[in-house]
Amino acid sequence: MTRNRNLTPERRRRYWRITLASVVLMVVGAMALPLTGYLYVGLSDAYAQGGGAEDSNPRANYWRAVRAGQAGSSADGVNYSSVTGRPMPGSDALWLNRETENLINGDGQNWRQIRNRVIAVYGGWILFGLIVVMLHFYAIRGRVNLEDGASGVKVLRWTAWERFVHWVTAVSFLVLAVTGLSLLFGRSILIPLMGPEGFSVWAAIAMGLHEFVGPWIFTPGVALMIAMWLINNLPEKGDIEWWIKGGGIIGKSHPSSGRLNSGEKLWFWFIATFGVACIVTGVILAFPVEWAQTRSTMQLSNVIHGASALLWIAFWMGHAYIGTIGSEGSLEAMTTGYVDVNWAKQHHDRWYEEIADSAEHVTVQQPAGGATGEPTTAKA
Ligand code: HEM
């Protein structure tokens, strides 16, 4: 048997990290297992709600047909309605549709099932699971350090304008994430913690912040980022190889990359598609009467908004991990704008080759034992 004391300090640290990670995995796994029962109950309820359950009561089928708005469900062959529809703008004709023509509109119940039992439950567990996975990953893999250490010579990676747009959008994203999650999990998590009165105050603040920051700060920020960085995110030779090598996260080899690597490109295109869907549906929800949205439109928007928002938060967690504790020198790039030349060669070699001759190189005073430092002297 290998005795622990025979291990090198580095291997011993690794040994303890793996042990700790395994214990956390076992504890969380054991806690998560009983949830399968909850999942079963949730799915059977949703199934029964959709009319999939065996039903021997013929009246139930009748009312189910009425609820589904099927023609001929009511006695005179026309669907019943307690409301006759609202007038169309500029006309006396009534606006008849799925919402006003039938007696029972079950869409609201279906929407509630999807929101509360699918999006909130699975989304919540996915986010929680991701935190556990990331902690594990960090415990096992540790930080990706500069292989050759810091050279003390830096080049500009992000201009002041790029950093300004990035941070304004990032801070507003966090505000939207915190306030949005508060609305989604308010009933299940916050009301038991804060009480109904406390939550009602916070919900009003959260809703106000969400509806202001979303359209007026976050949306222009995302639009600017898409316009600014589109050119850097187009596919190029080398993207496939980057994926084959797992982005250098798995194993030791560093795949070649341009200004943005393929993982960053995926993040960009996620924002340009799912992110934009989240924004568009958010605006539809925030201005409910401006375009005469129907309830069905609002319900569908809410489902798309909630699901894409949770996906976005999950993706963002990975982005934030790599940008902070996951990789040495990355955060500094977005705070100071500068990166060490060795960082550029290690992570974005093709980009560095392109700019090496034209970029201004700056020497820095190295803080003792550190890789960071403020640029002080410029040399040609
Ligand atoms: C232009 C941008 C956005 C606008 C206008 C917007 C607007 C809204 C509105 C009006 C709601 C409905 C609240 C309700 O009455 O239940 C909502 C819910 C929500 N939003 Fe946003 N939002 C935007 C972006 C985002 C982003 C980027 C995220 C994630 C980071 C996000 C996360 C959420 C979440 C989790 C909910 C709760 C869904 C639910 O309760 O079913 N939103 N948003």
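Only loop residues by DSSP count here, and only those with at most 13 other Cβ atoms within 10 Å; note down the trypsin sites (Lys or Arg not before Pro) in the range 239-289 that meet that.
Hits after loop and neighbour filter: 252.
Which of rounded, prolate or oblate describes the range 100-169 when judged by the alpha-carbon gyration tensor and an a/c cut-off of 1.5?
Numbers: a/c = 8.12, a/b = 2.07, b/c = 3.93.
Oblate.
Can you tell me the order of 131-141, 284-294 when each peptide is scored by its average per-residue count of other Cβ atoms within 10 angstrom, highest first?
131-141, 284-294
Considering only the other residues whose Cβ falls under 13 Å of the Cβ of residue 239, what net charge follows from Lys and Arg at +1 and Asp and Glu at -1?
Local net charge: +2.
Just report the Cα centroid separation between the range 13-29 and the range 231-251, whole Å.
30
Just so you know, all these numbers are worked out from the coordinates, no wet-lab data involved. Not measured: the values here are computed from a predicted model. All Cβ positions, glycine included, derive from the backbone under ideal geometry; neighbour counts span all protein chains shown.
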